[in-house]
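A short write-up of the structure that comes next.
The values are calculated or read from the model by the stated rules, or taken from the named source; none is laboratory data. Model, not experiment: these values are computed from the prediction. Here Cβ is always computed from backbone atoms with ideal geometry, including for glycine, and neighbour counts include all displayed protein chains. Just so you know, the surface numbers come from the protein's heavy atoms only, side chains and all, with ligands and any DNA or RNA stripped out. Shrake-Rupley method; radii C 1.70, N 1.55, O 1.52, S 1.80 Å.
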Amino acid sequence: MYIKPHIEVSGKGDNLSSCKKYATYLSKEAVSFFNHSSDNISLRDAIEMIDRHSKGQLNKNEAKWYAPVYSFSEKEAQFICYKLFGKLFFDYTDLSEKQKEIYNQYIIELGKSFQDVMAENFNKRELGIIDGSNLCYVGVVENSRVYKAYDEDVKAGIFKEGAPKKGFNTHIHIIQSRKANNEKKSKISPMQNSRKITVNNMGQKVGFDRTNLKISIENKFDKITNYNRKIEDTFEYQNQKKKEKKVMRRPSLKRVFYDKNTAKEIKSSSNLRGYFFYLANSKKLEYKGKNKEDKDLFFNSSDNSLYIVDDTNYIKNNGWFKKDIFKAHSEFEELNYLYALNQMEQERGYKLYNESSLRFNKEEMDEFNVLSDNIGSLFKKK
């Protein structure tokens, strides 16, 4: 799950004035907005509610509202569908109109529970900010995304700009007033500088910990849905991995010198495609597929860089310069030329990783069965 307490809304209005432009943009897919007390708020009423509540106490350079977003992973969305309908779905469009209605209502209720967590995370219970009803907000559920010009898949020519993204793209957009829905209309901000919770002179907790918000919302989702989240899929685990320095595997130096012909032979016998599948197996890259001619393979990295791989070379982000397997070792394992040759020789040019390619192809063929087993394992045993 992707959680952000405020996203940039440039081009759709800014949050120093009325929310009209942003709310109108959000209404492109949603019929109505929701909040803690209603699921049927019109666009006009939603704008008036946020703008009216945000008047007073705030100067012209202060934010009047914020734009949190809660975005579900495809696995989470598929799990919810399986929980609601007892059937595995691969795309939101595969749902019937009645199923979409039930599914979206369930997502709305989850959104309200996330806003409860948001309120708790302000640590202002003594001011009457206890749950989501004490926040002045409106929200919408969206289930579609389209490819943008800046998407690497568009740059590579895999998809055209404006083409709909397949699968489940469920996310919740919130417009939340800077002022709370309590008696004093207290000013609150999920973006305040104090990111960690501290204790003031009165012994009260203050501060907004955005990391804690993400962990708490993830836990709330798991508790409500009975979702059995794997440790490696938790925000806390992924966040810790980012902080840790990568420990690169260095082969022992069996040789300290290679003549030109030997190095050329090792390179020519290496399997670049197999090596990239090895990187995918190691979770350093994500395999995205291949083109119609089976000439190029496509991989994505965690920073959304796109790698296009043929038999002997690869390019990054649709660039102009082709790179060979030595450059790949340098980029992914921080190995210099000598260490790379040693590793490739010891691994027999990564020919052993041909089976990685076969495994990925098999998973494509058996996708339904594999995904069905994965969804089943996400249910907590009672």
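Over 10 Å intervals from 0, what percent of Cα-Cα pairs in segment 1-79 sits in each interval?
Values per bin, smallest distances first: 16, 43, 32, 7, 1.
Compute the long axis of helix 97-121 from its Cα atoms, compare it with the longest principal axis of the Cα atoms of the chain, and write down the angle in degrees, 0 to 90, nearest 10.
Helix 97-121 sits roughly 80 degrees off the main axis of the chain.
For Ser37 and Ser144, compute 0.36 nm times the residue count separating them, minus their Cα-Cα distance, and round to one decimal in nm.
35.9 nm
Considering only protein heavy atoms and a probe of 1.4 Å, how much of the accessible area of segment 54-176 is carbon and sulfur, as a whole percent?
49 percent
Can you tell me the mean projection area, over all orientations, of the convex hull of segment 85-190's alpha carbons? Units nm², please.
Value for segment 85-190: 9.1 nm².
Using the alpha-carbon atoms, what tilt in degrees (0 to 90, nearest 10) does helix 210-225 show relative to the longest principal axis of the chain?
90 degrees
Set the bar at 28 Å for Cα to Cα. Now go through Lys241/Lys264; Lys112/Lys187; Lys230/Lys284; Lys4/Lys283; Lys254/Lys327 and name every pair that lies beyond it.
Going by Cα-Cα distance, Lys241/Lys264 fall outside the 28 Å limit.
Evaluate the relative contact order of the chain (contact order divided by residue number), counting alpha-carbon pairs under 8 angstrom at least 6 apart; express in whole percent.
It rounds to 15 percent for the chain.
Using just the helices of the chain, give the 222 nm mean residue ellipticity in deg cm²/dmol: DSSP H runs with n ≥ 4 each add -39,500 (n - 2.57), and the total is spread over all residues, rounded to 500.
-11500 deg cm²/dmol
Compute the length gained on full extension between Asn61 and Thr24: take 0.36 nm times their separation in residues and subtract their Cα-Cα distance, giving the result in nm to one decimal.
11.0 nm
So I have (1) 31; (2) 35; (3) 24, and one of them is percent of Cα pairs over 37 Å apart calculated from this model. Which one is it?
(2)
Among rounded, prolate and oblate, which fits segment 216-318 when a ≥ b ≥ c are the square roots of the eigenvalues of its C-alpha gyration tensor, a/c under 1.5 means rounded, and a/b larger than b/c means prolate?
It comes out oblate by the Cα gyration axes.
Need one number: the % of Cα-Cα pairs in segment 34-138 sitting beyond the 17 Å mark.
Above the 17 Å cut-off, segment 34-138 has 64 percent of its Cα pairs.
Taking R0 as 25 Å, what FRET efficiency do you get between Ser73 and Thr211 from their Cβ-Cβ distance, rounded to the nearest 0.05?
The calculated FRET efficiency here is 0.85.
Which one, Lys223, Lys267, Lys242, has the greatest fluctuation when you compute a Gaussian network model over the chain with C-alpha springs under 10 angstrom?
Of Lys223, Lys267, Lys242, the Gaussian network model singles out Lys242 as fluctuating most.
Relative to the longest principal axis of the chain, what angle (0 to 90°, nearest 10) does the C-alpha long axis of helix 260-269 take?
Approximately 60 degrees, to the nearest 10.
Shape of segment 273-320 from its Cα gyration tensor (a ≥ b ≥ c, root eigenvalues): rounded if a/c is under 1.5, otherwise prolate when a/b > b/c, or oblate?
oblate
Looking only at chymotrypsin sites (Phe, Trp or Tyr not before Pro) in DSSP loops with at most 11 other Cβ atoms within 10 Å, what is the longest site-free stretch of the chain?
Within the chain, the longest run free of exposed chymotrypsin sites (Phe, Trp or Tyr not before Pro) spans 1-149.
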